[in-house]
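Enquirer: Structure provided below as structure tokens; questions to follow.
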Amino acid sequence: MQEKHLFEYAVIRVMPRVEREEFLNAGVILYSKQQRFLQAIITLNEERLRAFSPETDIEEVKSYLQAFECICKGGKEAGPIGQLDLASRFRWLTATRSTVVQAGKVHPGFCSDLPQALARLYEQLVL
């Protein structure tokens with residue numbers, strides 16, 4: 001029997017008008033301390049975003065989402081936040097904020113295959 005690993009995940013949301021509290025799910029971020037895993041899958045459905053909020057600057061939103069992915073990967077290219085340890089980067093990315101791109105609440109789970117769990121959550125919550 002394969003060992004189950006504790007993980008935490010959050011849905012990445014695009015919220016063009018924060019004051020309206022309406023959002024479009026654009027990705028999922030998954031973190032496991034035990035397995036030293038931090039990864040996000042992000043896809044912006046531009047057509048849905050245009051229908052949802054025609055005035056939104058899509059290129060700007062895409063750059064924010066790319067920064068999210070870059071910080072998950074870490075390294076100097078990700079700036080000062082990207083140089084933090086995995087847990088600190090995950091906590092920074094999922095911190096409550098009032099911005100166009102933000103993470104939903106953090107939820108726990110158990111799985112034996114983290115990349116597969118991330119793909120499953122992405123399929124269920126974003127696609």
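Enquirer: Is at least one residue of the stretch 48-61 assigned to a helix (DSSP H, G or I), without any contact (Cβ under 8 Å) to a residue 60 or more places away in the chain, hydrophobic (A, V, I, L, M, F, W, C) and closer than 19 Å to P115 by Cα? Before you say what the answer is, go through the steps one by one.
Expert: We begin by selecting, within the stretch 48-61, every residue assigned to a helix (DSSP H, G or I); these are 48-52, 58-61.
Imposing the further condition that a residue be without any contact (Cβ under 8 Å) to a residue 60 or more places away in the chain reduces the set to 48-52, 58-61.
If we keep only those that are hydrophobic (A, V, I, L, M, F, W, C) too, we end up with 49, 51-52, 58, 61.
Narrowing further to those that are closer than 19 Å to P115 by Cα: none.
No, because not a single residue in the stretch 48-61 is assigned to a helix (DSSP H, G or I), without any contact (Cβ under 8 Å) to a residue 60 or more places away in the chain, hydrophobic (A, V, I, L, M, F, W, C) and closer than 19 Å to P115 by Cα.
Enquirer: A follow-up question, please. Here is a list of conditions, (1) modelled with pLDDT under 95; (2) in contact with a Leu (Cβ under 9 Å, 6 or more places away or on another chain), and E77 meets all of them except one; can you say which number that is?
Expert: Of everything listed in (1) modelled with pLDDT under 95; (2) in contact with a Leu (Cβ under 9 Å, 6 or more places away or on another chain), E77 misses just condition (2).
Enquirer: Of these, S53, S98, which one is hydroxyl-bearing (S, T, Y) and surrounded by fewer than 14 Cβ atoms within 10 Å (Cβ to Cβ)? Give the steps one after another, and end with the answer.
Expert: Values: S53 fails: surrounded by fewer than 14 Cβ atoms within 10 Å (Cβ to Cβ).
So the residue among S53, S98 that is hydroxyl-bearing (S, T, Y) and surrounded by fewer than 14 Cβ atoms within 10 Å (Cβ to Cβ) is S98.
Enquirer: Out of all the residues in the stretch 100-127, which are in contact with a helix residue (DSSP H, G or I) (Cβ under 8 Å, 6 or more places away or on another chain) and within 14 Å of A26 (Cα to Cα)?
Expert: Applying the first criterion (in contact with a helix residue (DSSP H, G or I) (Cβ under 8 Å, 6 or more places away or on another chain)) to the stretch 100-127 yields 100-101, 103, 106, 109, 111.
The answer is V100, V101, A103.
Enquirer: In the set E55, E3, E22, which member is within 21 Å of E123 (Cα to Cα) and among the charged types (D, E, K, R)?
Expert: Values: E55 fails: within 21 Å of E123 (Cα to Cα); E3 fails: within 21 Å of E123 (Cα to Cα).
It is E22.
Enquirer: Does the stretch 3-27 hold any residues that are of a type in the set (A, V, I, L, M, F, W, C) and under 16 Å from L86 (Cα atoms), and which are they?
Expert: From the stretch 3-27, those of a type in the set (A, V, I, L, M, F, W, C) are 6-7, 10-12, 14-15, 18, 23-24, 26; that's our starting set.
Across the stretch 3-27, the qualifying residues are L6, F7, A10.
Enquirer: Report every pair of residues separated by at least 6 positions or lying on different chains whose Cβ atoms are under 8 Å apart, first residue within the stretch 31-44 and in contact (Cβ under 8 Å) with a residue 24 or more places away in the chain, second part of a strand (DSSP E or B) and surrounded by fewer than 15 Cβ atoms within 10 Å (Cβ to Cβ).
Expert: From residues that are in contact (Cβ under 8 Å) with a residue 24 or more places away in the chain, the pairs are S32/L6; K33/L6; Q34/L6.
Enquirer: OK, next. Of the conditions (1) closer than 21 Å to L125 by Cα; (2) among the aliphatic types (A, V, I, L, M); (3) assigned to a loop (DSSP other than H, G, I, E, B), L84 satisfies every one except a single condition; which number is it?
Expert: Every condition holds for L84 apart from (1).
Enquirer: Going by what's in this entry, would T96 be described as outside any helix (DSSP H, G or I) and in contact with a Pro (Cβ under 6 Å, 6 or more places away or on another chain)?
Expert: Numbers: outside any helix (DSSP H, G or I): yes; in contact with a Pro (Cβ under 6 Å, 6 or more places away or on another chain): no.
When the stated conditions are applied, T96 does not pass them.
Enquirer: Among the residues of the stretch 105-123, how many are within 14 Å of the chain's Cα centre (by Cα) and either surrounded by fewer than 12 Cβ atoms within 10 Å (Cβ to Cβ) or outside any helix (DSSP H, G or I) (or both)?
Expert: 4
Enquirer: Separate question: In the stretch 1-14, which residue that is surrounded by fewer than 19 Cβ atoms within 10 Å (Cβ to Cβ) and either touching a residue at least 24 places away in the same chain (Cβ under 8 Å) or not in a loop (DSSP other than H, G, I, E, B) (or both) is farthest from the chain's Cα centre (by Cα)?
Expert: Taking the candidates together, the pick is Q2.
Enquirer: T96 passes all but one of (1) at pLDDT below 95; (2) closer than 26 Å to K4 by Cα; which number fails?
Expert: (2)
The values are calculated or read from the model by the stated rules, or taken from the named source; none is laboratory data. Just so we're clear, the structure is a prediction, and the values are computed from it rather than from any experiment. As a convention, Cβ positions derive from the backbone with ideal geometry for all residues, glycine included, and neighbour counts pool all protein chains shown.
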